[in-house]
Structures are given as C-alpha cells and as structure tokens.
Amino acid sequence: MSSRELDDYRSGQPAQLADVLERVLDKGIVIAGDIQINLLDIELLTVKIRLLIASSSRRQRACRRRSSRSLPIDRAHRHAPP
Amino acid sequence: MIAPTATLPRKGLGWYLYGVAAADEASARLGAGLAAGAAQEVELVTEGPLVGVASRVSLEEFDEQALPDRLSDATWLEQKIRTHEHVLERVLEHASVVPCRFCTVYRGEVELRRFLSERGEALEAALDRVRGRVEVGVKAFVDRDRFAAGRARQNDDIRQLEAQASTAEGGRAYLERRRLEQLVASELERFRGEAADRIHTRLLSAAEDGLVLPLQAPELSGRAEEMVFNGAYLVTADRVGFEEALGSLARDIRDDGIDLELTGPWPAYNFVPEELGAG
C-alpha cells in the first residue's frame with residue numbers, strides 16, 4: 001500500500017472537518033430527559049450546519065485562489081489539490 | 001482541576017457531557033488534566049462503575065433559544081465540534097468510551113449523576129460492545145482519468161469506439177470523442193455501485209462490524225475526485241487484521257482508478273445505540 005493511501009491514518013494530524021461533523025453531529029448516543037437542549041431541534045439544525053460548512057468551504061477556496069492568505073478552516077482541506 | 005467560575009453565577013453553569021467510560025479504566029489511566037481547550041477543564045464525574053467525561057459550561061452559551069445563532073457562527077461551531085472530538089480522542093488513548101452527540105448539556109451535576117446511575121445498565125452494555133475496539137473510516141475516490149484508461153477499457157464498446165476515434169478525422173473524430181466520453185461516463189455510473197459493494201464486503205469481512213455512510217459532497221470531502229464510497233468499521237484496537245485487508249484491497253482496485261483514504265481511530269460513534277432515553 002502506498003504511503004499516500006495511509007497518510008491520514010498515521011500522520012496524527014487533525015481530522016478533516018467533514019469526517020468530524022458526520023460523527024459528532026449525527027452519531028453518538030442521544031439522551032432524553034434532564035438535558036438543556038432538545039436534540040430533535042439539533043437534528044433539524046444539522047442540515048443548516050452542513051450548508052453553512054459547505055458554503056464556508058467554497059468561500060475558503062475562492063479566497064485561496066485569490067491569495068495565499070490562510071484562514072483557520074484551511075486545515076480541514078489540507079488534502080485539497082492545489 | 002475545577003475550572004475557575006468566579007465570573008459566572010453558579011446557577012449559570014451546566015455540564016457538557018462528551019462521553020461515558022468505565023470508572024476502573026478511566027479514573028486510573030486518565031488521571032488529571034484532560035485539557036479540552038484553553039478555557040475549559042475536563043472533569044471525570046464518577047457514579048458507581050461509570051464515569052462521565054464532562055466540562056462545566058455556561059448554560060447561557062448552550063441555551064436552546066440561543067443555539068441557532070451560535071450555530072451560524074462558523075468559528076464557534078468548529079471550535080466546539082473540534083473540542084468535543086479532541087476530548088474523546090484523548091480519552092480513547094487510555095480507555096474505551098461511549099461517545100455522546102454534540103451539545104449534550106445537563107443543567108446540573110445532580111441530573112448528570114442521575115443519568116449515569118439510572119441508565120447504567122444500558123451504558124455498560126454499550127461500553128462492552130466497544131471495549132478494546134475503535135472505529136475507523138474508509139473513503140474511496142475515483143480518478144476519472146485512471147478509470148477511463150484502465151477499468152473502462154474492459155468494456156468492448158468502449159475499446160471499439162476508442163479505436164475508431166483514434167483513426168477518425170475532422171467532425172467525425174469530434175463526434176466519436178463525444179460518444180466515447182458519454183460511454184465512459186455511463187460505465188463509471190454503473191461501476192460506482194459495484195465498487196462500493198465490493199469495498200464494503202471486503203472490509204466488513206475483516207471488521208467486527210461496519211456500515212455505509214452517506215457520500216460527502218466535494219465541498220466537504222476536500223478532494224476534487226468524486227467520492228464513491230464512505231464507510232465506518234468497528235475494528236480491534238490494534239487494527240492489524242483490518243489494515244492488512246485494506247492494503248490488499250487498495251492494491252486490487254488501484255488500477256480501476258480508485259484510491260482509498262483511511263481516517264481514525266475514532267471513538268465508536270457509529271457503533272453505539274442512538275437512543276438512550278431517561279428510562
């Protein structure tokens with residue numbers, strides 16, 4: 001297996017935001033009862049969050065094409081081709 | 001270990017629960033100092049055989065009414081989501097953990113402790129399932145050029161049309177090129193499903209469990225190539241058998257134009273029960 005294919009696994013770098021989002025927002029145990037936030041609302045909001053992240057990624061790329069200025073969300077896209 | 005709370009009224013603090021671990025594993029190995037972020041301390045709330053991995057947070061910040069606005073703040077959102085994942089990854093280095101979903105916030109310690117004791121049995125069952133195991137993610141992307149040069153040529157029509165197009169001239173050459181592109185595209189469409197099935201079957205046989213996740217849009221995946229598969233697998237913590245299977249699969253499908261990307265190890269988000277009600 002080429003090193004590139006296992007890069008992500010072994011580099012120990014922060015995971016891509018998309019992979020974190022699809023887990024932290026959509027998965028993990030949901031608890032009913034004495035909690036502060038109604039998770040049903042959160043689930044509806046997930047769609048909105050996805051759109052938000054997607055649009056900020058697009059903005060990010062547009063930004064990067066125009067200049068070399070680096071913004072925080074860049075690290076989520078370190079594998080993006082130049 | 002308790003975060004400074006002088007600036008906030010006591011009743012304004014709740015508990016953000018990241019996940020639940022076994023007390024014997026977590027308390028002994030984690031000890032103090034699980035730094036969640038610059039401003040936050042992580043505490044272990046022990047209740048019987050279980051321990052809640054949690055931080056004191058401002059209830060105002062995580063108020064249900066205020067949340068929609070917070071969620072539109074990309075910086076706030078990314079920071080909180082990263083913190084959630086970072087804390088659980090630190091725990092996972094030392095102990096098995098049942099991860100909670102984003103923004104699981106209790107109004108007080110009493111409520112958090114009640115959850116741990118009342119739902120103890122279900123939590124311990126969930127912990128048993130993930131003990132000694134981790135989740136890994138596998139994503140597959142297709143490189144269209146390599147697909148067209150390799151796998152697509154197994155199709156007789158494509159090979160024939162390629163031969164014709166290479167000898168044709170002028171307008172006819174253009175039309176045949178177009179037809180060839182269309183044919184390769186429809187072959188790729190067919191091949192995508194076949195490749196996804198093949199990848200999942202091979203990987204599942206080397207894992208304890210596995211499931212197919214929705215494909216990520218290019219804006220989210222961060223790659224220009226098209227994603228053809230996205231899966232999550234529950235594997236033994238050493239990951240040896242799974243990595244061997246993955247390596248052999250990657251070699252087998254490389255000539256078809258497919259590259260695999262491995263992520264993790266993750267807390268087993270995809271392999272814990274979704275609903276864990278208050279009973």
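In the condition set (1) more than 8 Å from chain A (Cβ to nearest Cβ); (2) touching a helix residue (DSSP H, G or I) at 6+ places or on another chain (Cβ under 9 Å), B:D238 is compliant with all but (2). For segment A:16-42, filtered to residues that are closer than 18 Å to B:V138 by Cα, more than 8 Å from the chain's Cα centre (by Cα) and not basic (K, R), the residue that is modelled with the lowest pLDDT is A:D26. Please verify whether segment B:95-103 includes one or more residues that are farther than 22 Å from A:L17 by Cα, part of a helix (DSSP H, G or I) and among the polar types (S, T, N, Q). No, the conditions are met nowhere in segment B:95-103. Can you name the condition, by its number, that B:L204 falls short on among (1) within 14 Å of chain A (Cβ to nearest Cβ); (2) in contact with a strand residue (DSSP E or B) (Cβ under 8 Å, 6 or more places away or on another chain)? So B:L204 meets the others, but not (1).
Would you say B:G257 is without any contact (Cβ under 8 Å) to a residue 24 or more places away in the chain, farther than 30 Å from B:F102 by Cβ and surrounded by 15 or more Cβ atoms within 10 Å (Cβ to Cβ)? Here the answer is no, as B:G257 does not meet what is asked. When the criteria are applied in full, B:R239 fails the requirement of being modelled with pLDDT under 95 and under 13 Å from B:D143 (Cα atoms).
The residue list B:A152, B:A168, B:A206, B:A196 contains one member that is closer than 27 Å to B:Y269 by Cα and in contact with an Asp or Glu (Cβ under 8 Å, 6 or more places away or on another chain), which is B:A206.
The values are calculated or read from the model by the stated rules, or taken from the named source; none is laboratory data. No experiment lies behind these values; they were computed from the predicted model shown. We place every Cβ from the backbone using ideal geometry, glycine too, and count neighbours over all the protein chains shown.
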